[in-house]
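K.L.:
Provided herewith is a single structure, encoded as structure tokens, for subsequent inquiry.
The values are calculated or read from the model by the stated rules, or taken from the named source; none is laboratory data. Since the model is a prediction, treat every value here as computed from it, not as a measurement. In this analysis, Cβ positions are derived from the backbone assuming ideal geometry, glycine residues included, and neighbour counts consider all displayed protein chains.
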Amino acid sequence: MSLKATQKECNICLITNDDVPAKYKKLFDVIKEIPWNDSAEDKDWKVDNRWKLYHASPYDETIVLDTDMLVLQDLENWWAFLKNYDLFFVSNVYTYRG
């Protein structure tokens with residue numbers, strides 16, 4: 001919900017095989033199922049499906065974010081930075097736990 005509140009101009013797609021409650025559907029411009037079956041069907045951690053997100057995205061440019069992320073500011077600077085790359089992955093990621 002923080003993403004929709006801070007990114008007024010961005011289209012947001014949720015890719016999931018879970019049922020999305022009606023009250024949350026309005027937060028997304030597109031809701032799609034995970035393609036090619038759920039590779040992590042019996043797992044809580046869906047990292048096995050992450051590679052599919054780039055194929056499933058309905059947009060020409062996509063930033064993949066986890067649903068538990070809290071977005072507190074505009075991400076427009078990231079779009080400008082990422083224009084220099086065809087594909088970009090982060091490493092050495094820190095959490096609030098340090």
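K.L.:
Would you pick out the residues in the range 19-34 that are in a loop (DSSP other than H, G, I, E, B) and at pLDDT 90 or above? Full working, then the answer.
P.N.:
Here is the first cut: in the range 19-34, the ones in a loop (DSSP other than H, G, I, E, B) are 19-21, 26-29, 33-34.
Matches in the range 19-34: Asp19, Val20, Pro21, Lys26, Leu27, Phe28, Asp29, Glu33.
K.L.:
Can you pull out the residues in the range 65-98 that are acidic (Asp, Glu) and modelled with pLDDT under 85? Full working, then the answer.
P.N.:
Within the range 65-98, the subset acidic (Asp, Glu) is 66, 68, 74, 76, 86.
Residues satisfying the conditions are Asp66, Asp68.
K.L.:
Among Leu87, Leu53, Leu27, which is free of Cβ contacts under 8 Å to residues at least 60 places away in the same chain, farther than 19 Å from Ala5 by Cβ, touching a strand residue (DSSP E or B) at 6+ places or on another chain (Cβ under 9 Å) and not β-branched (Val, Ile, Thr)?
P.N.:
Values: Leu87 fails: touching a strand residue (DSSP E or B) at 6+ places or on another chain (Cβ under 9 Å); Leu27 fails: farther than 19 Å from Ala5 by Cβ.
Leu53 is the lone residue from the list that is free of Cβ contacts under 8 Å to residues at least 60 places away in the same chain, farther than 19 Å from Ala5 by Cβ, touching a strand residue (DSSP E or B) at 6+ places or on another chain (Cβ under 9 Å) and not β-branched (Val, Ile, Thr).
K.L.:
Restricting the range 49-64 to residues that are loosely packed, with under 13 Cβ neighbours inside 10 Å and outside any loop (DSSP other than H, G, I, E, B), which is modelled with the highest pLDDT?
P.N.:
His55
K.L.:
Determine whether Asn37 is of a type in the set (S, T, N, Q), surrounded by 10 or more Cβ atoms within 10 Å (Cβ to Cβ), farther than 16 Å from Gln7 by Cα and under 15 Å from the mean Cα position of the chain (by Cα). I'd like the intermediate steps shown before the answer.
P.N.:
Working: of a type in the set (S, T, N, Q): yes; surrounded by 10 or more Cβ atoms within 10 Å (Cβ to Cβ): yes; farther than 16 Å from Gln7 by Cα: yes; under 15 Å from the mean Cα position of the chain (by Cα): no.
When the stated conditions are applied, Asn37 does not pass them.
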